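Peer 1: Below: one structure in structure tokens.
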2 protein chains.
Amino acid sequence: ATGSAPAFAQGAPEVKWRCVSSFPKSLDTIFGAAEVMSKRIAAATNGKFQVQVFAAGEIVGGFQVLDAVQGGTVECGHTAPYYYVGKDPTFALGTAIPFGMNCRQFNAWWYVGGGDQVFNEFVNTYGVQSFLCGNTGAQMGGWYRKEIKTVADLKGLKLRIGGFAGQVLAKLGVVPQQIPGGEIYPALEKGTIDAAEWVGPYDDEKLGLNKIAKFYYYPGWWEGGPALHTFVNQKAWAALPKDYQAIFEAACHEGNTMMMARYDAGNPPALKKLVAGGTQLRGFPRPVMDACYLAALELYAETSAKNPAFKKVYEHYMKFLEDQVAWFRVCEGTYDNFMANRPKPGAAPAKKA
Amino acid sequence: ATGSAPAFAQGAPEVKWRCVSSFPKSLDTIFGAAEVMSKRIAAATNGKFQVQVFAAGEIVGGFQVLDAVQGGTVECGHTAPYYYVGKDPTFALGTAIPFGMNCRQFNAWWYVGGGDQVFNEFVNTYGVQSFLCGNTGAQMGGWYRKEIKTVADLKGLKLRIGGFAGQVLAKLGVVPQQIPGGEIYPALEKGTIDAAEWVGPYDDEKLGLNKIAKFYYYPGWWEGGPALHTFVNQKAWAALPKDYQAIFEAACHEGNTMMMARYDAGNPPALKKLVAGGTQLRGFPRPVMDACYLAALELYAETSAKNPAFKKVYEHYMKFLEDQVAWFRVCEGTYDNFMANRPKPGAAPAKKA
């Protein structure tokens, strides 16, 4: 880029932070959101404020990001809050719950609808401030060796799936399996599991699951728009110069937007390749979706009864979701649906009226 | 916010830019995108880099933003490129064309798919560099005094609509009317026009069109995800310190994300109010949509034949759109459609398998 000499004077304080990612570098879209953030911060401060990103396992494991940030081992981390549902199910509401908001709806909830405040009130109890930094968009429903034609086909199905979605599916007879990404392929190949969900075409293709399971289901109703966050240690945040804080926040916004854009750009060609290679696309049958949806509501009622923090964030989230869905149904949805089913170019020309 | 003393030293250069908006302050979501940008730039530089935003008419009129930036009257402007289709129809591809990409698809095209480069190659010929800075999402199809039931109902309809959409509809007998926002209400009230499109519930409610036209149509197929831009004079850009450039870019990203979030948060309650007040929602009938779509393709073919710049950007855009729609149809669309039609909470509980 062109531009004159940088404005940051030599006297500006040098700040070096470490950011631990929950993801391997191979997941370049997700891992990349933290890199987008880091690069922007460096460029915006003439290199005075450096946030070095470490892949999962380099400093701490992918699921230890919250602990590392909370304990001050590192200043920040890029992660999916729902990895910490074992500590408290409320974390799920920061990423995705089954039949939750899509990417745009979640952004609106977070940035404008008060989601930022209500969720941060919760994560602040862990000594952490959370900034939205990425989204995968609606994920696929995973790879299956046999078709799912009825709710009964879920019974006994050993499906690699975690968190709330696993609990919802357990209500319908699925035996959820928690398996790290790198071990999915051998488990599915050996038949230890019958099916596995991961992300979407762009990431799934890299795991090669299409080679060992033919049916690729949609949509992944448990992740309609999972959000990634940058967790920041509150003490480190408070010590940061105010203009660096502003730059950090802006860089997280950019990580958020760019990650979604990269998935949206990467998924279509990957899906085409998969389908060309023999993958069979299948939509979950409506009765299966309905049963899962009602099982999810049951789970949320149970969780709310036990956990006031969950109840508070959940009710805030659901109120916003109801309005969002009603609006998207009218305008955004009818537009997308027409585009998905528009006449083929080259069909009969428009009749002059 | 907390935070220690700012890092920008006293020696950092003070830069003051003026940003002319194409919009009045009353359109707080659109006008607000430039304010988001401006505030972030000031906060990120400890006030050293100030971008003051002027509403339409304060320095130049809303449609003179390109001229003002190109001529160096101001350093930058926040506008919708399609306002300049009179200079060249290629500008439309920077905002929206009928049956074009939705917000997420456009972001993916711009940020990852090469849209930024191909569109800037065109606007650079005007001495301008363009940064994405806002989106309204899919707009509504406007306010009609009589229902549109068939393609024949379009014949002779005096509809307030501009640009490409007006040209498409003219092929079907509509008499497009170009009327500034502030004059729509009296024109519709007096019967000078039969119908008018504006933006969506949040903005339309302010104009009060619901009081004089009962039928509110969706979707606004001519604006499936119109993008706003910050135009920057290329010489001003080149003279900017590199770190200020980085901050400016990040701030535009944020303006882009925030504007969409604000519309998404604001539209649902506005729509509810309109419907509660007697507004009748109507979807454009499928044959009307089909006829408009085919008329649009005809117009694009005619325009491409006459204008090589349009042809180049259009073909790049459409190739990306095809892939996007195919992917959204599979995953994002089926998810949104299920959510739009999910069983009512409180219905029969899930059957245990």
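The values are calculated or read from the model by the stated rules, or taken from the named source; none is laboratory data. The model shown is predicted, which means the values in this text are computed figures rather than measured ones. Virtual Cβ from ideal backbone geometry, glycine too; neighbours counted across all protein chains shown. Accessible surface areas use protein heavy atoms only, side chains included; no ligands, DNA or RNA. Shrake-Rupley method; radii C 1.70, N 1.55, O 1.52, S 1.80 Å.
Peer 1: Using θ = phi - 60° and the Karplus curve 6.51 cos²θ - 1.76 cosθ + 1.60, what whole-Hz ³J(HN,Hα) does each residue of the stretch B:106-116 get, with Gly and Pro shown as x?
Peer 2: Computed from phi, the couplings for the stretch B:106-116 are 5, 4, 5, 4, 5, 7, 10, x, x, x, 3 Hz.
Peer 1: Using +1 at the Cβ of each Lys and Arg and -1 at the Cβ of each Asp and Glu in the stretch A:232-329, identify which of A:Cys252, A:Pro287, A:Trp237 lies farthest towards the dipole's positive end.
Peer 2: Most positive-ward Cα: A:Pro287.
Peer 1: Report ³J(HN,Hα) in whole Hz for each residue of the stretch B:125-130, in order, from the Karplus equation J = 6.51 cos²θ - 1.76 cosθ + 1.60 where θ = phi - 60°; Gly and Pro get x.
Peer 2: 5, 9, x, 10, 10, 10
Peer 1: Further question: What is the dipole size for chain B, taken about its Cα centre, with +1 at each Lys and Arg Cβ and -1 at each Asp and Glu Cβ, in debye to the nearest 20? Please list the in-between numbers first.
Peer 2: Details: 35 positive and 31 negative charges, 205 e Å.
For chain B, the charge dipole is close to 980 debye.
Peer 1: For the stretch A:307-337, list residues with backbone N below 13 Å from a point placed 7 Å from the Cα of A:Asp88 toward its Cβ?
Peer 2: A:307-314
Peer 1: Also, quick follow-up: Looking at the stretch B:1-102, which GluC sites (Glu not before Pro) are DSSP coil and have at most 16 other C-beta atoms within 10 Å of their C-beta?
Peer 2: Passing both the DSSP loop test and the Cβ count: B:Glu14, B:Glu58.
Peer 1: Oh, and also: Can you send over the carbon and sulfur percentage of the accessible area for chain B, probe radius 1.4 Å, protein chains only?
Peer 2: Whole-percent figure for carbon plus sulfur exposure: 53.
Peer 1: Residues with amide H under 5 Å of A:Lys171's amide H, sequence separation 5 or more or different chain, H placed in the peptide plane at 1.01 Å from N; which?
Peer 2: none
Peer 1: Using the crude model of +1 on Lys and Arg Cβ and -1 on Asp and Glu Cβ, and no other charge, please compute the dipole size for the protein assembly as shown relative to its Cα centre, in debye to 20. Don't jump to the answer; show the numbers that get you there.
Peer 2: On the way: 70 positive and 62 negative charges, 297 e Å.
For the protein assembly as shown, the charge dipole is close to 1420 debye.
Peer 1: Positive end of the dipole of chain B, charges at C-beta (+1 Lys, Arg; -1 Asp, Glu), about the Cα centre: which of B:Val174, B:Gly163, B:Pro269 has its Cα farthest in that direction?
Peer 2: Going by the charge dipole, the pick is B:Pro269.
Peer 1: Taking the label point as lying 7 angstrom from Cα along the Cα-to-Cβ axis, what are the distances from A:Gln52 to the corresponding position in the remaining copies, in ascending order and in nanometres?
Peer 2: The answer, with the shortest distance listed first, is 4.4 nm.
Peer 1: For a quick check: with amide H placed at 1.01 Å from N, whose amide H comes under 5 Å from A:Ile179's, ignoring anything fewer than 5 positions away on the same chain?
Peer 2: HN-HN under 5 Å from A:Ile179: A:Ile161.
Peer 1: Out of the stretch A:128-216, which GluC sites (Glu not before Pro) are coil in DSSP terms and have no more than 13 other C-beta atoms within 10 Å?
Peer 2: Counting only loop positions with at most 13 other Cβ atoms within 10 Å, the GluC sites (Glu not before Pro) in the stretch A:128-216 are A:Glu147.
Peer 1: May I ask for the net charge around A:Lys16, where only other residues with Cβ less than 13 Å from the Cβ of A:Lys16 are counted and Lys, Arg are +1 while Asp, Glu are -1?
Peer 2: For residues surrounding A:Lys16, the net value is 0.
Peer 1: Given R₀ = 35 Å, FRET efficiency for B:Ala238-A:Ala239 by Cβ-Cβ distance, to 0.05?
Peer 2: In this case the efficiency is close to 0.45.
Peer 1: Could you list which residues have their amide H under 5 Å from that of A:Gly134, counting only those 5 or more apart in sequence or on another chain, with H placed in the peptide plane?
Peer 2: A:Leu228, A:Asn256
Peer 1: With +1 assigned to the C-beta of every Lys and Arg and -1 to the C-beta of every Asp and Glu, and no other charges, what is the dipole magnitude of the stretch B:218-344 about the Cα centre in debye, to the nearest 20?
Peer 2: Details: 14 positive and 13 negative charges, 73 e Å.
Once rounded to the nearest 20, the dipole reads 360 debye.
Peer 1: Have a look at B:Val330, B:Ala309, B:Leu209 and report the one farthest towards the positive end of the charge dipole of the stretch B:208-353, computed about the Cα centre with Cβ charges (Lys/Arg +1, Asp/Glu -1).
Peer 2: Positive-end residue among those listed: B:Leu209.
Peer 1: Among B:Asp204, B:Asp116, B:Asp243, which one shows the highest mean-square fluctuation when chain B is modelled as a Gaussian network with alpha-carbon springs under 10 Å?
Peer 2: B:Asp243
Peer 1: Another question, if that's okay. Can you tell me what share of the DSSP beta bridges in chain B is antiparallel? A percent to the nearest 5 is fine. Write down the numbers at each step before the final one.
Peer 2: Values: 16 of 34 bridges.
The answer is about 45 percent antiparallel.
Peer 1: So, R0 is 56 Å and r is the distance between the beta-carbons of B:Lys319 and A:Thr125; what FRET efficiency does that work out to, to 0.05?
Peer 2: According to the calculation, E is roughly 0.70.
Peer 1: Enter the angle in degrees (range 0 to 90, nearest 10) between the Cα long axis of helix B:286-306 and the first principal axis of the Cα atoms of chain B, meaning the one along which they spread out most.
Peer 2: Around 40 degrees separate the two axes.
Peer 1: Follow-up question, since we're still on this one. Lysine pairs in the stretch B:199-284 with alpha-carbon atoms under 29 Å apart, 8 or more places apart or on different chains: how many are there?
Peer 2: Details: B:Lys206/B:Lys214; B:Lys206/B:Lys272; B:Lys206/B:Lys273; B:Lys211/B:Lys272; B:Lys211/B:Lys273; B:Lys214/B:Lys272; B:Lys214/B:Lys273.
Summing the qualifying lysine pairs gives 7.
Peer 1: So, one more: Show me, for the stretch A:244-260, the HN-Hα J-couplings you get by feeding each phi into the Karplus relation (A = 6.51, B = -1.76, C = 1.60, θ = phi - 60°), rounded to Hz, glycine and proline as x.
Peer 2: For the stretch A:244-260, the Karplus curve yields 5, 4, 4, 5, 4, 4, 4, 5, 5, 3, 5, x, 4, 5, 5, 5, 4 Hz.
Peer 1: What's the average, rounded to a whole number, of partner chain beta-carbon atoms within 10 Å of each residue's beta-carbon in B:36-45?
Peer 2: Going residue by residue through B:36-45 and averaging, the value is 4.
Peer 1: Can you compute the FRET efficiency between B:Arg282 and A:Lys16 using 1/(1 + (r/R0)^6), with r the Cβ-Cβ distance and R0 = 51 Å? Round to the nearest 0.05. Working shown, then result.
Peer 2: Details: r = 59 Å, r/R0 = 1.15.
The value I calculate is 0.30.
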